[in-house]
1. Just to verify a result, which residue in region 410-467, among those that are farther than 23 Å from residue 234 by Cβ, among the basic types (Lys, Arg) and part of a helix (DSSP H, G or I), is modelled with the highest pLDDT?
2. Restricting attention to region 227-241, and to residues there that are under 18 Å from residue 463 (Cα atoms) and crowded, with 22+ Cβ neighbours inside 10 Å, which single residue is nearest to the chain's Cα centre (by Cα)?
3. Does residue 338 satisfy being surrounded by fewer than 16 Cβ atoms within 10 Å (Cβ to Cβ) and over 25 Å from residue 451 (Cα atoms)?
4. Against the conditions (1) in a helix (DSSP H, G or I); (2) at pLDDT 95 or above; (3) of a type in the set (Val, Ile, Thr), where does residue 147 fall short? Just the number, please.
5. For region 159-185, give me each residue that is out of contact with any helix residue (DSSP H, G or I) (no Cβ under 8 Å at 6 or more places or on another chain), of a type in the set (D, E, K, R) and in a loop (DSSP other than H, G, I, E, B).
6. So which helices (runs of 4 or more DSSP H) are wholly in region 1-95 and hold at least 3 residues that are touching a residue at least 40 places away in the same chain (Cβ under 8 Å) and under 20 Å from residue 163 (Cβ atoms)?
7. Considering each residue of region 286-304, count those that are farther than 13 Å from residue 251 by Cβ, outside any helix (DSSP H, G or I) and not aliphatic (A, V, I, L, M), and give that number.
8. Search region 287-300 for residues that are surrounded by fewer than 17 Cβ atoms within 10 Å (Cβ to Cβ) and pair each with any residue that is modelled with pLDDT of 95 or more and not in a helix (DSSP H, G or I) when their beta-carbon atoms are under 7 Å apart and the residues are at least 6 apart or on different chains.
Amino acid sequence: MKEQLKELAIELYEIDAVKFGDFVTKVGLKTPVYVDLRVIISYPKILKKISKTLWGLAEDDKVVQICGVPYTALPIASVISAESDIPMVIRRKEAKAYGTKKLIEGSFKQGDTCVIIEDVVTSGSSILETVRDLKNEGLKVTEALVIMDREQGGRKNIENSGIKMQSLYTLTQLMGYLLEAKKVTAETVERVTEYLKESRAPVKTFEDESAPNRLKLDFAERSKVAKNPLAAKLLNLMSQKETTLCLAADLTSADEIIDLTERAGPHIAVLKIHVDIIEDFDQTFIQRLKHLSSKHKFFIMEDRKFGDIGNTVSLQYGKGVYKIAEWADLITAHPVPGPGLLDGLKKAQKHVSEDRGVFLITEMSSKGALTGENYVKECLALSKDSDIVTGHVCQSNVFSDPGLIQLTPGVKLAKTSDNLGQQYNTPEAVVNAGADLAVVGRGITESLDKLSSILKYKNQLWAAYKNRISS
């Protein structure tokens with residue numbers, strides 16, 4: 001094995017996979033040596049050799065899935081999968097905005113043991129992110145196989161998370177092999193050695209390493225840790241009424257909305273409306289709606305999607321014709337303006353005695369939506385310490401805080417789409433993707449037998465939720 005590693009180290013150096021100079025790593029550390037294994041895709045023999053050698057480190061004989069960390073490790077994992085005849089899954093860096101919207105691609109079962117393949121470890125963040133997403137899908141991860149350990153704290157971070165890490169090389173070993181082969185000078189080795197003594201990658205942690213798994217907790221338990229009072233009430237309501245249905249009554253007639261709500265009220269957790277599309281709106285409509293809300297025990301959401309500067313949204317929310325803050329238990333908002341948006345909404349809430357909540361639009365269900373990975377991360381950061389955020393409108397399990405609620409739109413009994421870019425997924429699919437509260441609109445409003453449709457959605461969504469927390 002040692003001779004194999006020496007030979008492979010020389011080959012990696014000769015194809016410029018090991019570079020010397022002044023570089024910056026992914027985690028922001030300056031470094032005199034950079035290991036760039038992306039080039040091996042242009043050298044099939046080396047790719048096969050390094051894949052075979054790395055797989056020789058595997059110890060868990062119960063592995064039934066292989067997952068390469070995107071992107072460099074994917075071809076390595078693919079070769080290992082093909083040669084070992086073990087299936088492979090792929091973790092996307094962000095969920096697709098179309099089709100199945102999966103974060104983990106491939107065929108697998110709950111409880112499958114998966115080994116992670118990675119090229120270079122500095123802080124270990126990429127492996128930890130992959131572990132998190134695999135575990136959220138029900139896969140078990142106990143081992144990570146790595147080509148290069150840069151010896152900067154990544155191994156400790158990974159093993160502190162309960163994952164055993166095996167590596168072909170440490171940076172010190174690689175430098176020793178290259179010095180022995182006279183590919184580098186003693187001065188270069190000394191420079192790298194001194195660098196390793198002084199430089200350590202930051203410890204990388206994730207919310208879900210310290211918090212219980214949101215998807216496995218029941219609503220009643222989660223209500224106890226909610227920062228937003230309305231989130232706690234909504235979680236308890238869903239538990240007591242045994243419904244996760246949010247009815248989108250996107251109708252333009254006040255009487256039609258009231259008629260539908262009278263039938264749906266006993267079976268829904270939230271009624272969602274767009275008040276500005278109601279052609280005959282007046283305050284009588286609000287009074288009738290509030291009466292039904294009290295009678296049937298559901299919350300009212302105004303899907304206003306506030307998205308302006310703080311002062312403007314404060315006025316839009318509390319003033320004007322609609323005076324939304326006075327009657328809407330929940331609202332939606334685009335976090336584009338930043339923290340000022342939440343400050344403005346909170347200011348308007350000061351004049352209201354009832355609890356209020358905000359759902360942040362973190363991902364959208366429309367084709368080609370611009371809510372990418374960085375946008376999602378910023379949205380999550382915005383909600384972390386807020387007591388007015390009830391949850392996130394999103395398509396996938398992008399947060400772990402059990403006190404927040406995932407609201408997912410675009411639900412129909414059969415997967416489909418419309419001619420304006422809206423995409424629909426089945427109740428089971430959205431719940432497995434993290435939905436706590438599922439929005440159903442045209443699947444009910446366009447149905448000939450609306451009550452029957454309401455009950456079908458309610459029952460399928462609740463069964464999927466019960467299966468999620470018990471599996």
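The values are calculated or read from the model by the stated rules, or taken from the named source; none is laboratory data. Since the model is a prediction, treat every value here as computed from it, not as a measurement. In this analysis, Cβ positions are derived from the backbone assuming ideal geometry, glycine residues included, and neighbour counts consider all displayed protein chains.
1. Taking the candidates together, the pick is 450.
2. Among those that are under 18 Å from residue 463 (Cα atoms) and crowded, with 22+ Cβ neighbours inside 10 Å, it is 235.
3. Yes: the conditions hold for residue 338.
4. Unmet for residue 147, out of (1) in a helix (DSSP H, G or I); (2) at pLDDT 95 or above; (3) of a type in the set (Val, Ile, Thr): (1).
5. Selection gives 182 alone.
6. Those helices (runs of 4 or more DSSP H) span 73-84.
7. 5
8. If the second residue must be modelled with pLDDT of 95 or more and not in a helix (DSSP H, G or I), the pairs left are 290/327.
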